[in-house]
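Step one of this worksheet: look at the structure below.
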Amino acid sequence: MKVLIATDGTLDPLIAAESAARLAGDDGQVTVFTVVEIPRRLLTDLRAVYGESSDRAPIDQSLETAGHTTPRPHVTPDWPGDDAFLDRYIDDQKASRTATIITALADRGVVTDPVAVESEDAVAEILNYASVGKYDVICIGTHGQGRFDGLLGSTSTKLIRRATCAVLTVRS
């Protein structure tokens, strides 16, 4: 059986690992999956830390016709660029959100690698990944970091309603 554990870092690692290991059995596959949303202000804040201003200097209209523009603020040599820094941020989030579950799975003899994707729509990404990977069950916490305070978290509620495979909710 193929089990997809979807976590935002709040899922109880012991319960999730025990459930997933039991479901997967000896020949199964377990994947620990997380969706990282990039905060809108992250790049602005990172540029400020590395010395690049996010506020661009206005273009001098008289020089623009001659093909000249006001020079861009200096970027320090250690600025890795947006893509590299975002990749590093996603990797850091993946490690922090999945490490305890990976360890708990390893303690039960299950070897797995974490997977992280960047998106603003966690439900769509989880469903897509589960569909493409042909997972038999999605394991998710009942209450995450969302804003909905109902019986279940908003992500788990949407997954239960939309998933084409079984969904196991773990009280977190």
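Some points to look at:
- Of all residues in region 85-116 being under 23 Å from ALA24 (Cβ atoms) and of a type in the set (Ser, Thr, Tyr), the one that is surrounded by the most Cβ atoms within 10 Å (Cβ to Cβ): THR98
- Residue in region 117-145 that is nearest to the chain's Cα centre (by Cα), counting only those that are crowded, with 18+ Cβ neighbours inside 10 Å and among the aliphatic types (A, V, I, L, M): ALA122
- Selection count where residues are out of contact with any strand residue (DSSP E or B) (no Cβ under 7 Å at 6 or more places or on another chain) and touching a residue at least 40 places away in the same chain (Cβ under 8 Å), scope region 89-120: 10
- Pair list, Cβ under 7 Å, 6 or more apart: region 21-44 residue under 11 Å from VAL115 (Cα atoms) and aromatic (Phe, Trp, Tyr), other residue surrounded by 12 or more Cβ atoms within 10 Å (Cβ to Cβ) and modelled with pLDDT of 90 or more: PHE33/LEU4; PHE33/ILE5; PHE33/ALA6; PHE33/VAL115; PHE33/ILE126; PHE33/TYR129
- Annotation: of all residues in region 113-165 being in a loop (DSSP other than H, G, I, E, B) and either of a type in the set (Lys, Arg) or in contact with a His (Cβ under 9 Å, 6 or more places away or on another chain) (or both), the one that is modelled with the lowest pLDDT is ASP149.
The values are calculated or read from the model by the stated rules, or taken from the named source; none is laboratory data. These numbers were taken from a predicted model, which means no experiment stands behind them. Using ideal geometry, Cβ is built from the backbone for each residue, glycine included, and neighbour counts are taken over all protein chains shown.
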